[in-house]
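Report on the following structure.
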Amino acid sequence: MLVLVVAAVVLAMPVIYWSAVLLHVSLNQMAPVTLGVLLVGVALFLAIFVAWGGAVREAREEAIRQATRGRIFGSPGGVLAAAGKFGQGRVEAGARGEGSTALLLELLLRIPGTAVYHGLQFPGNQDADVDHAVAFGNIVYLLDSKLYRWGQYEWKASGDGDLVVRSDGYGRGKANWMHAAATGYRSLLGPEVEVIPMVMIHGRSTSVGAFNISSHGVHMLTARDAMERIGDTIAGSLGLWQDNHAVRAALLSKLKTD
């Protein structure tokens, strides 16, 4: 702001001086005019500055849109279709979790070669889905979004499945079958592709306890830690993998949503 005022004064002074000379008045008599000119000058500078800033932001956003176009597939929030089975409240919470994850995953698209998928078929279960997948070369993350209330969460073994439980023992555990999804997608994608299943937890004052990897190899992380883990893995793999068209085609074939 100070820079704008100084610039306005510098540009306005010659105008004010020659106006006083031509009108045969003193500079003191020109004070109201001087103030008006300064105010108009500052307003013009502000308008130009705001317009320039808006143009820069729009250009940056358009560049991001161009760079990410064709690398987001499907739509988050497919859980809403299961309201009749799981209840409106539960599916709305699930949809909010999926939407939050989707926004975060868009940040990964700034890494060239990364693709994001929403709403994939769950192997062997038409009523369930895999919320998201992130693919980069021969690395595929399968993500399950969860929106939980406050508390610390971790894994507990339960026969052939996994349970997400509160570390303090409060409430009942929630069954999770992401390991089964990972097994199905490993069969689909082949042994050369590394499939990493992960549960991403959203929610105020939530954390993950010591048992953050299930007995079946499913990772559990808060949204922040999950994004850091995925981003570091992809960034560390730059130059090691080329874009894998077979992986992309396989994942596209499993989309449940457009």
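The values are calculated or read from the model by the stated rules, or taken from the named source; none is laboratory data. This one's a predicted model, so the numbers in the text were calculated from it and none came from an experiment. Backbone-built Cβ (ideal geometry, glycine too); neighbour counts: all protein chains shown. Just the protein is used for accessible areas: all its heavy atoms, side chains included, with ligands, DNA and RNA removed. Shrake-Rupley method; radii C 1.70, N 1.55, O 1.52, S 1.80 Å.
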Worksheet, complete the sentence: By residue number, the members of the range 122-138 that are surrounded by 22 or more Cβ atoms within 10 Å (Cβ to Cβ) and among the charged types (D, E, K, R) are 129, 131
Item to complete: For the range 204-222, state whether one or more residues are under 24 Å from residue 95 (Cβ atoms), hydroxyl-bearing (Ser, Thr, Tyr), assigned to a loop (DSSP other than H, G, I, E, B) and modelled with pLDDT under 90.
Response: no
Item to complete: Identify all residues within the range 156-182 that are loosely packed, with under 14 Cβ neighbours inside 10 Å and either out of contact with any strand residue (DSSP E or B) (no Cβ under 9 Å at 6 or more places or on another chain) or assigned to a loop (DSSP other than H, G, I, E, B) (or both); write none if there are none.
Response: 159, 160, 168, 169, 170, 171, 172
Practice prompt. Report yes if some residue within the range 247-255 is within 18 Å of residue 136 (Cβ to Cβ), open to solvent by 50 Å² or more (accessible area, probe 1.4 Å) and touching a helix residue (DSSP H, G or I) at 6+ places or on another chain (Cβ under 8 Å); otherwise report no.
Written response: yes
Discussion item. Suppose we filter the range 217-258 for residues that are under 18 Å from residue 97 (Cα atoms) and in contact with a Pro (Cβ under 9 Å, 6 or more places away or on another chain); how many remain?
Written reply: 2
Item to complete: Just need a number here: residues in the range 236-246 that are loosely packed, with under 12 Cβ neighbours inside 10 Å and in contact (Cβ under 8 Å) with a residue 60 or more places away in the chain.
Response: 2
Fill in: Residue that is among the hydroxyl-bearing types (Ser, Thr, Tyr), part of a helix (DSSP H, G or I), at pLDDT 90 or above and crowded, with 16+ Cβ neighbours inside 10 Å, where the choices are 153, 185, 141, 117
185
